[in-house]
Every structure is written in structure tokens, then in C-alpha cells.
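These notes concern the structure reproduced below.
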Amino acid sequence: VRVRAALSPVQTREEADEYTKKRKSTTTTTSNKIITIGFGCIIYVHLKPLFNMSSTTNNSNLDEAFTVRSDKCKYTEDAIISDYTYESTIVEGNVVVPVETKMQFRTDRRVPKVGVMLIGLGGNNGCTCVAGAIANRLGLTWNTKEGEQKANYWGSLMMASTVKLGNDVRGDAVYTPIKNMLPMIDPSQVVWGGWDINKMNLGDAMKRAKVLDYDLQRQLYPHMKDIVPLPSVYFADFIAANQSDRADNVLCGTKQEQMEQIRKDISDFKAKHHLDKVILLWTANTERFACVEEGVNDTAENLLHSIQRDENEVSASTIFAVASILEGCTFINGSPQNTFVPGVVDLARQEKVFIAGDDFKSGQTKMKSVLVDFLVSAGIKPVSIVSYNHLGNNDGKNLSAPSQFRSKEISKSNVVDDMVASNRILFEEDEHPDHIVVIKHVPYVGDSKRAMDEYTSEIFMGGKNTIVMHNTCEDSLLATPLIYDLVILGELCDRISVKKDGSEEWERFHPVLSLLSYMLKAPLVPYGAPVVNALFTQRQAIINVMRACLGLCPENHMTLEHRFESTLEELQKQAAAPLGRPQKKPRI
């Protein structure tokens, strides 16, 4: 590097900027940079590159379909079959043993026609979900005070984020949309339907929700006004009393009769739309926790008998879950109550049907699962976490009742447990940060939830660190993409099977589909499996399963090709060979 300073005939900032602009326009080499450091001086910096490699990241994106060329990945007309070696590590006392398990993954390439039935179709999440799918299918644009907007899937992991696929020959990262990794359904092609305790059509429900911009509502209304929710199950004891004024579209009869009607609704919906699969998803009101009682809901057999006997401690969400399982349909719980009592889990295992839950992880809790993971991983000890929320939609109204709030409090509070337990340098056995969650209903703010958090941590040599965060969460606009993600990933998992080395049988994922944890506050996991809440660990699990389906190794982020002089020299030789891709100018 050579630096030359020279006086310039300028005395004001404006003159300096103009002079610099003129000099830059006459500079012919990209290795010269002109820096103004004062009103009367220009510094010329002459750079001789060490490797002719830019400090910018020359990432590229692969948006079209790709194939894997490897003896570990075979494509047939119906499936992708990959050979995969799963590497894990067993710790026995103070001895560490690496373990390899050879297996095959089989992914069905045939994307089915899917219908999704939402419980809570007429609520803010339900009507926004349907509206978003229609807007994307029609490619709608609309005007706001910020200008023209167009339909998108931003906020969806599966539809709007990318994953590193590998490096090109120059060593630059190549990214591809997650939806490009394996054959997946598209929300705009899904057939949407469902139930609600309120009979308002979805066009008017969309207006009532006040989530979407007026110009978009105006265009969507003709497409939504004829969609009317089916009558739903309503057990007043399980949701707040303030919801009774909306309950004008409810089923009658015993719990057994109502469950049979739900099963008929599912069967009729599937037949009417000629569907290959139906997925049910609860996005209705938060219920109070059901009491888990021996002889009532502790086994599949007892639960089915309890429904026949009209037992009080069988909730509406459990009725839907049982009906869904008996119809062979995946059931996903987007609220925090304990829908999946032991009897439901037992039934899902018997019928080999997927269940997943609980509670959408969209705003405050998602930030918490990132920040606490960062603090603990950085060797910083969070000792106090205080979270306050207020919101004005119907969810907030329902949560103003103590029993329903308690369900939400439990799902929000447990999100830091696995991260705290991972570091015994900072935390003793059974030691946890003080963790308080408050939710208040403020009607004026509507769907625009406010979340305020204070994180107090102990740092080096007895010091204290406090982080305060204010988060304005557009509640339904954050939750709706999670509904899409849960449906897309849940359906994909139904087409993946594994055959371990030495076995003759293909095995599906466990019925408790824990791979969906990224989208959920309180992840349901199989008995004996650890609960993982750390957000990026959850995301990487999804990505690495998809890579395994293609016979690709996990993305380990070691990037050894950039850490040794010999490999950097080899990359430099590759960079000298033209690939028909324009190079970015170096940034100094």
C-alpha cells in the first residue's frame, strides 16, 4: 500500500465532494481510491492486491431447479434416493466416541394436491392466511401511502429464505431458496377451508380484522365473501367468557356426535375438492389447560371412551385432534394449550399420523430464543428476563382471562430452558433466570402487538449488562407465514422415509413431528427426546435433513478452503479463469 497526500484547491465540504467526484471519474484503475479527509487535503491510496481477491462477498443465487451429481444420490421418476452417513458423538464418562450410522433417505417427488382446514378460519390469522394465498396466486398489487406493494411470502422460512447450497469453483458461496431444495407444495395452490364458532364470511372477517391495507381488502373481497366457515366445536368452559358473543356457529350434540361431524366435514372436504391429503391446523382461541387424569385422557383407549361419556376434561382442540388422527390427517396446534394430552399422543402413535405443536413462535418469543442463545453461547449469564406485551385483537381479549393467560405464560416461559441447561459454567443444576411474562389487552392497538423486554445479565468480574428491547409485532402478518411453513414442512415430512443399514423396512418420522419446532414456542417432542428451543439450531436441523435427502453432507461452516494459503492459491487460479459471470468491484 502506498499513500500520497496532496493539497487540493478546495476549502468547503461541497467543493471537496465535487473535486473528489471529478477525480474519481478520471481514475482508470480500480486499485486507486481517493479519500477526502479534510477541506484542504486529498489522500490518494494506491493498492496492490495480495491475491486479487475482493473483500466483498461474491455470493450468487441459484433460483432454478438443480440436480445432484453423485453416486450417493439417485433420481427415479417417483423418488429421490440418497445414501447418507449420519455422524454423531457419544460421551461415556470422560471418553468420547464418534459414531457413524449408514442409512438411505427416500423422498417422494410427487407433490400431492393438498387441502388445509383451519380451526379458527374466521379469526385474524385464518382470514389473513387465506387472503395471502389468494393475493399471491393472483399476483395482486395495491397502493399504500408508501407506494405500490405487491403480494409476497416474506416472513416464511420455506418460501422467502435461502440456504447455502455450496461453493462455486472460485470458492464463492452459492445460495438457493429453501423451496428449491426438494419438491414442495405452494400455499397459493392449497385448497383452504375450515371451521369457526362465528359464521361471518371471510370477506367481512377480513374487514373486521383490520390487518390488511384497504386497497388490498377491496381487491380480495370478491374472492373471499363466499367462503363461510363450517360450524365448530364450542366448549365455553375452555375459553374466556368474553368470547360468547361471537359463538353463533356452533355444533350441537354430545362430544362423540360432534367429533363424528368433524370427521364427516374432513371426508366431505377431501372428496369435494379431489384432494390427496388434508392437514388440520388449530389457529383458534387459546384454551385453558385440560387436567390430565388417569382413566380420562391418559391413554388412547381411555380418551376415546371419555369422548363417548362426554367427560368435561376433553377440550374442543382435543376433539379436533382425535378426529384428524382417525381420518389419517396431520394435526398441528398453533395455540399454547395442552391439546396433546397423553391419550392423543398415544392415538397418533397407534394410527401412525403426524401431530405437531405448540403455539406459533412469531414475535417476542422468537427474539428471545435468539438473544438468550447468543448470551449463553457468549459466556454471558442472563439472570433476569422480563417480558411485557399488550395487544388489541381478539387473541388479546381471550388472553385477558386468567386461565387462558396461564396457558400462554407456560409456553412463553419455557423457551430458554435448554439454552440455560447447556452451560453449567454459568448456571448450577436447576438454576434459572428470573423470567416474568405479562400480557394486557388494549383494544386500540388492534393487531399491532407491542412487546417490551428487559434482559439483565452478569458479565466479567461482577459487572452487570442490561438490554432493553421494544418490538412492534404485526401479529397476524407474522403468524400467517408460520402457518404456511408448518403446512409445507409437515406435508414434506410425510413424503420422507429412512431405511437404516441392515434393515429391509422404510421408516417414517416419529408421529410427534419435532422437526417443525422452528415455528413453535413450546415444541412437542417424542417421549425421551430433548427439547430444543435455540432458533438457529432448529433451522439448521431442517436444512440438514433436506441436504441428507440429497446425499449432501451437513453445512458445517468450517470453510477450510478459505483458511489455508494452499487452498486460497488454488482458488485464485480458479478465479483467473473466466466463467462468464461479471465480477464485483472490490470494496475498500
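The values are calculated or read from the model by the stated rules, or taken from the named source; none is laboratory data. Just so it is clear, the model here is predicted, and its values are computed rather than measured. So basically every Cβ, Gly included, is an ideal-geometry build from the backbone, and we count neighbours across all protein chains shown. Note: areas computed on protein heavy atoms with side chains; ligands, DNA, RNA excluded. Shrake-Rupley method; radii C 1.70, N 1.55, O 1.52, S 1.80 Å.
Which one of these is over 26 Å from Ala79 (Cα atoms), touching a Pro at 6+ places or on another chain (Cβ under 8 Å) and outside any helix (DSSP H, G or I): Asn556, Asn471, Asn533?
After ruling out the rest, the residue left standing is Asn533.
Might you let me know whether region 222-236 holds any residue that is open to solvent by less than 10 Å² (accessible area, probe 1.4 Å) and over 22 Å from Ala316 (Cα atoms)?
Within region 222-236, one or more residues are open to solvent by less than 10 Å² (accessible area, probe 1.4 Å) and over 22 Å from Ala316 (Cα atoms).
So which residues in region 269-315 are at pLDDT below 95 and among the aromatic types (Phe, Trp, Tyr)?
Phe289
Of (1) closer than 25 Å to Asn393 by Cα; (2) in a strand (DSSP E or B), Met200 satisfies all except one. Which?
Condition (2) is where Met200 drops out.
Being touching a residue at least 40 places away in the same chain (Cβ under 8 Å) and farther than 17 Å from Met546 by Cα is the filter here, so list the residues in region 72-101 that pass it.
Thr101
Which of the residues that make up region 243-256 are surrounded by 12 or more Cβ atoms within 10 Å (Cβ to Cβ), over 31 Å from the mean Cα position of the chain (by Cα) and not in a loop (DSSP other than H, G, I, E, B)?
Ser244, Val250, Lys255, Gln256
Of all residues being open to solvent by less than 10 Å² (accessible area, probe 1.4 Å), farther than 17 Å from Val531 by Cβ and assigned to a loop (DSSP other than H, G, I, E, B) in region 354-373, which is modelled with the lowest pLDDT? Just the residue, please. Quick ask: steps written out before the conclusion?
So the first thing to find is which residues in region 354-373 are open to solvent by less than 10 Å² (accessible area, probe 1.4 Å), and the list is 354-357, 359, 361, 363-365, 368-369, 372.
From the residues that got through so far, the ones that are farther than 17 Å from Val531 by Cβ too are 354, 363-364.
From what is left, the residues that are assigned to a loop (DSSP other than H, G, I, E, B) are 354, 363.
Working: Phe354: 98, Gly363: 80.
Result: Gly363.
Filtering region 158-186 down to residues that are of a type in the set (D, E, K, R) and in a loop (DSSP other than H, G, I, E, B), which residue is modelled with the highest pLDDT?
Asp186
Given the criteria among the acidic types (Asp, Glu), surrounded by 23 or more Cβ atoms within 10 Å (Cβ to Cβ) and out of contact with any strand residue (DSSP E or B) (no Cβ under 8 Å at 6 or more places or on another chain), does Glu287 qualify? Lay out the reasoning, then the answer.
Working: among the acidic types (Asp, Glu): yes; surrounded by 23 or more Cβ atoms within 10 Å (Cβ to Cβ): yes; out of contact with any strand residue (DSSP E or B) (no Cβ under 8 Å at 6 or more places or on another chain): yes.
It is true that Glu287 is among the acidic types (Asp, Glu), surrounded by 23 or more Cβ atoms within 10 Å (Cβ to Cβ) and out of contact with any strand residue (DSSP E or B) (no Cβ under 8 Å at 6 or more places or on another chain).
Within region 314-335, how many residues turn out to be open to solvent by 10 Å² or more (accessible area, probe 1.4 Å) and under 28 Å from Lys199 (Cβ atoms)?
Of the residues in that region, 3 qualify.
Across region 61-79, what is the number of residues that are assigned to a strand (DSSP E or B) and at pLDDT below 95?
1
List pairs: first residue in region 416-431 and under 11 Å from Ser377 (Cα atoms), second residue surrounded by 18 or more Cβ atoms within 10 Å (Cβ to Cβ) anywhere in the structure, Cβ distance under 6 angstrom, at least six positions apart or on different chains.
Sorted first by the residue in region 416-431, then by its partner, the pairs are Met419/Val372; Met419/Asp373; Met419/Val376; Met419/Ala534; Val420/Phe427; Asn423/Val376; Leu426/Lys381.
Looking at (1) touching a residue at least 60 places away in the same chain (Cβ under 8 Å); (2) touching a His at 6+ places or on another chain (Cβ under 9 Å), which is the only condition Val442 fails?
Result: Val442 fails condition (1) only.
For residues that are over 21 Å from Ala534 (Cβ atoms) and not in a strand (DSSP E or B), tally how many sit in region 374-396.
5
Assess whether His470 counts as being open to solvent by 50 Å² or more (accessible area, probe 1.4 Å), within 30 Å of Glu454 (Cβ to Cβ) and either among the acidic types (Asp, Glu) or over 13 Å from the mean Cα position of the chain (by Cα) (or both).
Numbers: open to solvent by 50 Å² or more (accessible area, probe 1.4 Å): yes; within 30 Å of Glu454 (Cβ to Cβ): yes; either among the acidic types (Asp, Glu) or over 13 Å from the mean Cα position of the chain (by Cα) (or both): yes.
So His470 fits the description; yes.
Name the residues in region 473-506 that are among the acidic types (Asp, Glu) and either surrounded by fewer than 15 Cβ atoms within 10 Å (Cβ to Cβ) or touching a His at 6+ places or on another chain (Cβ under 6 Å) (or both), would you?
First, the residues of region 473-506 that are among the acidic types (Asp, Glu): 474-475, 485, 491, 494, 501, 504-505.
Correct list: Asp501, Glu504, Glu505.
Can you pull out every residue in region 134-148 that is open to solvent by less than 70 Å² (accessible area, probe 1.4 Å) and either among the hydrophobic types (A, V, I, L, M, F, W, C) or in a strand (DSSP E or B) (or both)?
Ile134, Ala135, Leu140, Thr141, Trp142, Thr144, Gly147
Please find, among Leu552, Leu560, Leu489, the residue that is of a type in the set (A, V, I, L, M, F, W, C) and free of Cβ contacts under 8 Å to residues at least 24 places away in the same chain. If you could, list the steps in order and put the result at the bottom.
Numbers: Leu552 fails: free of Cβ contacts under 8 Å to residues at least 24 places away in the same chain; Leu489 fails: free of Cβ contacts under 8 Å to residues at least 24 places away in the same chain.
Going through Leu552, Leu560, Leu489 in turn, just one is of a type in the set (A, V, I, L, M, F, W, C) and free of Cβ contacts under 8 Å to residues at least 24 places away in the same chain: Leu560.
Of the residues that sit in region 139-181 and are β-branched (Val, Ile, Thr) and more than 19 Å from the chain's Cα centre (by Cα), which one is nearest to Cys553 (Cα to Cα)?
Per the criteria, the residue is Val174.
In this structure, is Tyr214 within 20 Å of the chain's Cα centre (by Cα) and at pLDDT 95 or above?
Judged against the criteria, Tyr214 is not a match.
If we keep just the residues of region 374-384 that are open to solvent by less than 40 Å² (accessible area, probe 1.4 Å) and under 23 Å from the mean Cα position of the chain (by Cα), which is farthest from Leu212 (Cα to Cα)?
Val376
Mind listing whichever residues of region 475-494 are of a type in the set (D, E, K, R) and farther than 17 Å from Ile332 by Cα?
Here is the first cut: in region 475-494, the residues of a type in the set (D, E, K, R) are 475, 485, 491, 494.
Across region 475-494, the qualifying residue is only Asp475.
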